[in-house]
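The values are calculated or read from the model by the stated rules, or taken from the named source; none is laboratory data. Just so it is clear, the structure is predicted and the values come from calculations on it, not from any experiment. Cβ sites come from the backbone with ideal geometry, for glycine too, and all protein chains shown count toward neighbours. Heavy atoms of the whole protein, side chains included, go into the accessibility calculation; ligands, DNA and RNA do not. Shrake-Rupley method; radii C 1.70, N 1.55, O 1.52, S 1.80 Å.
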Amino acid sequence: MTENLAEKAGAGRSSKLQGWRYFDRDFAAREWDAVWTKSWLVICREDQIPEPGDFLVEEVGAESILVVRQEDGGIKAFYNVCQHRGNKLVAVAEGSMPSFTCAYHSWKWSLEGECIGAQDPEDFAAGSPCGRKRLAEINSEIFASFVWVNMDANPMPLNEYLGELYEPLARYPFELMHATQAISVRMPCNWKIISDNFRETYHIPTAHPEGLYVNEPYYVTAIIETLKNGHARLVTPGSQPSRYLPDGKLEIDDYLIQDLKTWELDPEDFQDKPLAIREAIIAQKRKLGEGRGHGHYNRMEDAQLTDTFLYSIFPNLTLTCFSDGMLFLRALPHPTDPEKCTFDTWFYATGSEDFFTKMLTSAGGVSETSREPVEREWRNFGEGSLGITLDGDAGIMEAQQRGMHSRGWNGAELAGQEKRITHYHDRIDQLIADNEMSIAAE
Ligand code: FES
Ligand SMILES: [Fe+2]
């Protein structure tokens, strides 16, 4: 434990986190070149485009990216730009088409990205564009039910990029999950404000006291890992009350009582030993889970059955994973303004009733009626609720962005337990340095 504490305490570094990182336009441009166009990014869920011809468009900063289900069942990703004069090829967010026709001069593109139609094809000195011109393809892979893309021409394979996260992510039943909330918020903050927020639990006792009844965020008992390629992982024990509850009283409240009853345990048996609940629930999930339709428990570790595993996937994605669901929290940069971004707050669940009970009471973002798949909904910051937990975060993000400009703030002083933030910004700086050195060497 001493070693663990010492390592955590020594990890914080404050000098990097100054306000300009969150609003400087030159820095944002350098990030775009070194980070966004060279990282694997999740675009959508694979099941959003199930049939040949199904397509989806996502705006990532200045780029519009088109992903298309192919006739052979595969998926291709393209820059959503017509190769004639650069018009945006597909103007809608999603749909299904046998081919894509540009709205400017009607060049027509197959699902595979080949030009298959052009007006007056004989009028081009290089010959007909048909069969000669192709949409600009982007590297893509499918993993964990997501479509990932990388704008770099020669990226490392996704499994190598994800490194230590690849195998544990493969254990979650993402393919069984459907969206129960899919709200995208236009946020008045830099995208890193969002990523930073999900890279520390230091704020949880203050900003999210509602979660303390079912999860222990204390850094000494948490597993906090900084991983290669800028990723990180946090594991906090679930199905137990937190030491941060008022007066340090480990109260078994209604949420935990419900959890116990769901798994056929008697809350009375745990009144004097609330910290025994977690192990008891793990044992019951092992015993009863498969028979209740949770066959995926067999491929998960014990801790994955009760604990919160928060995966920070560089550069912009947080997957907070539970045994039967996840929060998909993604920040996407604004095309031109580093002080704006898109914040996707999408909740997924396998649909089991006990999980919904937990989500309702802890994360708070799933309404009792949202047990059916939902469509993406766009909102401006401050419109409607994202659930009690994310409402707390979103309000802070807006306020913190303003603080980045203050003459009275000279940069962060980080606690050791906030080391994932330092690690994250170090990775960004490293990528910028590498990119600019390689350009200088050319
Ligand atoms: S720009 Fe698309 S056909 Fe001309
Ligand atoms: Fe938070």
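For this structure, a couple of remarks:
- The residue that is farthest from ASP307 (Cα to Cα), counting only those in segment 184-208 that are aliphatic (A, V, I, L, M) and open to solvent by less than 10 Å² (accessible area, probe 1.4 Å), is MET187.
- Qualifying residue in segment 223-230 (condition: within 16 Å of ligand 1 (Cβ to nearest atom) and either of a type in the set (Phe, Trp, Tyr) or open to solvent by 60 Å² or more (accessible area, probe 1.4 Å) (or both)): no
- The listed residue being away from ligand 1 (no atom under 16 Å from the Cβ) and without any contact (Cβ under 8 Å) to a residue 12 or more places away in the chain, out of GLU167, GLU216, GLU200, GLU175: GLU167
- Within segment 82-117, the residues that satisfy the criterion of being more than 6 Å from ligand 1 (Cβ to nearest atom) and among the aromatic types (Phe, Trp, Tyr) are PHE100, TRP109.
- Breaking point among (1) touching a strand residue (DSSP E or B) at 6+ places or on another chain (Cβ under 7 Å); (2) over 13 Å from ILE421 (Cβ atoms), for THR201: (2)
- Residues of segment 373-407 classified as at pLDDT below 95, within 14 Å of ligand 2 (Cβ to nearest atom) and of a type in the set (D, E, K, R), total: 2
- Scanning segment 1-48 for residues that are touching a Ser or Thr at 6+ places or on another chain (Cβ under 8 Å), open to solvent by 50 Å² or more (accessible area, probe 1.4 Å) and at pLDDT below 50 yields a count of 1.
- Residues in segment 105-119 that are open to solvent by 50 Å² or more (accessible area, probe 1.4 Å) and among the hydrophobic types (A, V, I, L, M, F, W, C): ILE116 only.
- Test: residue in segment 47-66 that is of a type outside the set (Ser, Thr, Tyr) and assigned to a helix (DSSP H, G or I): yes
- Residue match in segment 277-295 (condition: over 23 Å from THR206 (Cβ atoms), of a type in the set (Val, Ile, Thr) and open to solvent by 20 Å² or more (accessible area, probe 1.4 Å)): no
- Looking at segment 220-332, the helices (runs of 4 or more DSSP H) lying wholly inside it that each contain 2 or more residues that are at pLDDT 95 or above and of a type in the set (Val, Ile, Thr) sit at 277-288.
- Residues that are in a helix (DSSP H, G or I) and open to solvent by 20 Å² or more (accessible area, probe 1.4 Å), drawn from segment 164-181: GLU164, TYR166, GLU167, ALA170, ARG171, GLU175, LEU176
- Subset of segment 134-149 [assigned to a strand (DSSP E or B) and either within 13 Å of LEU162 (Cα to Cα) or not polar (S, T, N, Q) (or both)]: ARG134, GLU137, ILE138, GLU141, ILE142, PHE143, PHE146, VAL147, TRP148, VAL149
- Test result for SER184, among the small types (Gly, Ala, Ser) and part of a strand (DSSP E or B): yes
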